[in-house]
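Only one structure is covered here, and it is reproduced in the block below.
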Amino acid sequence: MTKIRTRYAPSPTGKMHVGNLRSALYEFLIAKHADGDFMLRIEDTDQERFVEGATEIINRTLKRAGLVHDEGPDKDGGYGPYVQSERVKTGIYMKYAQELIEKKEAYYCFCDKERLAGLKTEIVEGKEIMIYDKHCLSLSKEEVEQKLKAGTPFVIRQNNPTEGTTTFHDELYGDITVNNSELDDMILIKSDGYPTYNFANVVDDHTMNITHVVRGNEYLSSSPKYVRLYEAFGWQVPVYVHLPLITDENHKKLSKRSGHSSFEDLIEQGFLSEAIVNYIALLGWSPEDNREIFSLEELIKDFDYRRISKSPAVFDIVKLKWMNGEYLKAMEADLFYEMAEPYLKEALGEGFDLPKIAAMVKTRIEVFPDIAGQVDFFKKLPEYDAEMYTHKKMKTDAASSLEVLSEVLPILEQQEDYSNDALYQSLLAYVEKKGCKNGYVMWPIRTAVSGKQMTPAGATEIMEILGKEESLIRIRKGIEKLRG
Ligand code: GLU
C-alpha cells in the first residue's frame, strides 16, 4: 500500500486563520491516523501577496497547535526544496510546462495588456474573469521562436479543449462534471517566470508524492483544470477533500471583523491552544458518538475524513468558551496557576494569596481574562445595593442581616485565627446557638465581605484571603448600609 502523505501548503500572506488551521489539522490527522507523513510546503510564488514575517507565524502556530510536520523547509525528507520560490530556481515548473507544450496541452502566449483588456469577460462566482480566446495557440513554431528570441514577454497557458466534459471526484462532493468549454486557458507560468498556484499545486503535489489534498472549497471550481493537468501528464490525481466554508454567527464568511478569525487572536484572548484545536476539529467533522472533548491523540485515533460534513460550519465563540472552560477544569492545578498568575497579578497586584485564589476560580472561568471579573472584589469592595441582603431561599432580609452582622461582629473582632477552618468553626457555633440554617448567617456575611451576588468562594474563604482587618472593615460597612 502507498504511504499516506499529506501537505499543508499555506501562502505566507498574514495571520493563520481558523480555516487555514482547520485544513492543516485535517491534513495532519489524515496522515497521522494512517501512520503517514505530514508535510509543510510554503507557497510563496505570489510575490505581491507576500507578507514579511508570515512564515514565522505559520511555524509558530503549527508548533503551538501541536501539528508537527515530518517534512518541511526545516526538515528535509528528500522531496525538497519545500518553499516554492526555491523550487522555481531548480527549473522544475518550467521543465514541466515545456513538457505540456510539447504535448500540445499548453502554449506560449505573447498577448499584451492592451489586447487582453479588449477580450470578453464573464462573471464566475461573483468575479469578473477574462476568457482568453486562444489567439496565440495558432502561432507557428517559427513565430514562437522568433518572439522568444526577441525577448517578447510571455506567459504559458493551459490548452483546454472546447468540447467534451471533465469529471473529477471529491470525497465530500462526489463526482463533479463540467463542460470543457467552461474551462479557461489559465496561466501556468507567469511573465515573471514564476508558476501560478494553479500550476505549482499540481506539479508539487505530484512530485512530492502527496496522496490526499485538503483545502477550502474555493478551489473546487478550479479543480477540473487541475485534473486535466494530471491527465495530460499521465499522473494519478490525489484524493481531494474540499472543505465547507466557515461562517460567523450571522452565516457570513468568518472574517477579520469577527475579532476571532485567527489562531493568534484567540490565543491573545486567553484561549488554550488545545481547546482551539479541539474546537476547530469539530468545525465540519463529527465523530460517530457525540463526544466533544478530544485531545490531539484522540483525534488522531478517531478522525475519519469521510465523516466531514458539506454544510457550512458556524464558528460559535460561546461554544469555544465553554470548551475552553472544560479544559481549564481538567487542567493540573500547578499548570493552571502558572498560566493564571499574570492575570491574577494584573487584577490584584501584590499582597494576596494568589495560589489560593487561583484554586477558587479554576472551575468558574471559561477563559483566563474572566479572572479579573471574578476576583476584583478582593482588591476593592464594590458599590452594592442593600437589596442584595434579601435572599428568598436563605430566608434573609435587611432586618435579619443587620441582626446577624451585628451579632457576629464581636465574635469576629475577638477571633485571632483567620484561617478558613477556624472562622468556619466559630460561625458554626454561632449558627447552632441561634438555631438557624447556615445560609441565614453566611449569606449576609458573604454579601458584606464581597459586595457581590456571586463569588468564587464562601464567606469564610473570602475572609481568610482578606485577613482580619479588611474583613472587619467590610462587615462594619455592611452594618452601616443596613442601618441606612
Ligand atoms: N497556498 C494555498 C492557500 O494558502 C493552498 C491551497 C492548497 O492547500 O492547495 O490558499
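DSSP beta bridges in the chain, what fraction antiparallel, as a percent rounded to 5?
Details: 22 of 37 bridges.
About 60 percent, rounded to the nearest 5.
Once you keep just the Cα pairs under 8 angstrom separated by 6 or more residues, what percentage relative contact order results for the chain? All intermediate terms of the calculation are to be shown ahead of the outcome.
Working: 696 pairs, mean separation 58.0, N = 484.
In percent, rounded to a whole number, it is 12.
The label point for Lys89 and the one for Arg257, both projected 7 Å from the Cα toward the Cβ, are 4.2 nm apart.
Farthest towards the positive end of the charge dipole of the chain, among the residues Ile473, Gly77, Ser309, is the Cα of Ile473, using unit charges on the Cβ of Lys, Arg, Asp and Glu.
So if R0 is 41 Å, what FRET efficiency would Ser286 and Glu182 give, r being the distance between their Cβ atoms, rounded to the nearest 0.05? Spell out each step's value before the answer.
Details: r = 34 Å, r/R0 = 0.83.
Working from the Cβ atoms, E equals 0.75.
For the range 302-411, list log₁₀ I(q)/I(0) at each q in 0.14, 0.18 Å⁻¹, using the Debye formula over Cα point scatterers of equal strength and ignoring solvent, two decimals each. Calculated log10 I(q)/I(0) at the listed q: -0.82, -0.99. Note on Lys253: aspartates and glutamates with a C-alpha under 14 Å away, same-chain residues under 8 apart excluded, are Glu218, Asp316.
Taking amide H as placed 1.01 Å from N in the peptide plane, the amide H of His391 sits under 5 Å from that of Thr396, Asp397, each at least 5 places away or on another chain.
Once you've got the Cα coordinates, tell me which of Lys356/Lys468; Lys345/Lys380; Lys15/Lys127 are over 20 Å apart. Could the numbers behind the result be given before it?
Numbers: Lys356/Lys468 17 Å; Lys345/Lys380 14 Å; Lys15/Lys127 24 Å.
Pairs exceeding 20 Å: Lys15/Lys127.
Counting 0.36 nm for each residue step from Glu48 to Met1 and taking away their Cα separation leaves a gain of 12.8 nm.
Given R₀ = 45 Å, what would the calculated FRET efficiency be for Ala117 paired with Asn250, taking r from the Cβ atoms and rounding to 0.05? The partial results should precede the final answer.
Working: r = 38 Å, r/R0 = 0.84.
E between Ala117 and Asn250, to the nearest 0.05, is 0.75.
Put a dot 7 Å past the Cα of Lys379, heading toward its Cβ, do the same for His33, and the two dots end up 4.7 nm apart. Note on the chain: Kirkwood radius taken over Cα pairs, Stokes-Einstein applied at 4 °C and 1.567 mPa s, translational D equal to 47 µm² s⁻¹.
Going highest first, how would you order 178-190, 272-284 by mean Cβ packing within 10 Å? It would help to have the intermediate numbers written out before the result.
Numbers: 178-190: 18.2, 272-284: 21.9.
By packing density, highest mean first, the sequence is 272-284, 178-190.
If only the Cβ of Lys and Arg carry +1 and only the Cβ of Asp and Glu carry -1, the dipole of the chain around its Cα centre is close to 700 debye.
Rolling a 1.4 angstrom probe over the chain with all protein chains present gives an accessible area of which 49% lies on carbon and sulfur atoms.
Remark: spin-label model distance Asp133-Ser406 equals 10.0 nm, labels positioned 7 Å along the Cα→Cβ axis. Pick out, from Val449, Ala97, Leu482, the residue whose Cα sits farthest towards the positive end of the charge dipole of the chain, with +1 on the Cβ of Lys and Arg and -1 on the Cβ of Asp and Glu. With unit charges placed on the Cβ atoms, the residue in question is Leu482. Counting only cysteine Cβ atoms and a cutoff under 4.7 Å, the chain contains unmatched residues Cys111, Cys436. Across Thr6, Thr207, the residue with the most accessible area heads the list, and the full order at a 1.4 Å probe is Thr207, Thr6. Expressed as a fraction of 2.2 N^0.38 Å, the C-alpha radius of gyration for the range 133-273 is 1.37. Stretching Lys356 away from Glu341 to a fully extended chain increases their span by 4.3 nm, per 0.36 nm per residue minus the current alpha-carbon distance. For the chain, the longest principal axis of the C-alpha atoms and the axis of helix 54-65 are separated by about 50°.
The values are calculated or read from the model by the stated rules, or taken from the named source; none is laboratory data. All of these numbers come straight from a predicted model, not from anything done at the bench. Note that each Cβ is placed from the backbone with ideal geometry, even for glycine, and that neighbours are counted across all protein chains shown. Only protein heavy atoms, including side chains, enter the accessible area calculation; ligands, DNA and RNA are left aside. Shrake-Rupley method; radii C 1.70, N 1.55, O 1.52, S 1.80 Å.
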